[in-house]
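Engineer: Dumping the structure here so I can ask a few things about it.
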Amino acid sequence: MTCTGYDKVLKLSHGDLVELHDARGTTVRVTRGTVWLTQEHDTQDIVLRTGDVWTIERQGLTLVEAQGNVLVCIVGLHAETVSARNRFAHWVRGCGSWFRLPWNAGRPQRSAPYY
């Protein structure tokens, strides 16, 4: 299966995440693998497998997560702004705080109120 006529083709690895913002009407087609898809303010998650096609029904944030190696085709007005985020990106950002600790050890920390 190929993605002819689609605006964006993404090759994803297991755990990679695609964020679609306010993309109602955008179509997602899985040509290889399986993805998990969830829409903001919707309690029903969707699992798409090879050959499945889904049109995003809501505005807001839609997340698509790869379950293994996946090839996804996207068509719609928001397809050009779509990009995949590596599954390790969040973990790497979190590690940055470990490296800042020695340099900040002598400085007083400003606290923020917790509500």
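Quick note: the coordinates plus some simple rules give every number you see, no bench work behind them. Just so we're clear, the structure is a prediction, and the values are computed from it rather than from any experiment. Positions of Cβ are generated from backbone atoms using ideal geometry, with glycine treated the same way; all protein chains shown enter the neighbour counts.
Engineer: Hey, can you rank 19-30, 49-60 by average C-beta count inside 10 Å, highest first? Intermediate results must be reported in sequence, preceding the final value.
Structural biologist: Details: 19-30: 18.5, 49-60: 13.9.
Ranking the peptides 19-30, 49-60 by packing returns 19-30, 49-60.
Engineer: Need one number: nm distance between label points at residue 21 and residue 47, each 7 Å from Cα along Cα→Cβ, rounded to one decimal.
Structural biologist: Computed distance between label sites residue 21 and residue 47 equals 3.1 nm.
Engineer: For segment 3-48, what does the alpha-carbon gyration tensor say about shape, rounded, prolate or oblate, given a ≥ b ≥ c as the root eigenvalues, a/c under 1.5 as rounded, and a/b over b/c as prolate? Provide the component values of the computation, followed by the final result.
Structural biologist: On the way: a/c = 1.81, a/b = 1.26, b/c = 1.43.
Oblate is the answer for segment 3-48, as a/c is 1.5 or above yet b/c matches or exceeds a/b.
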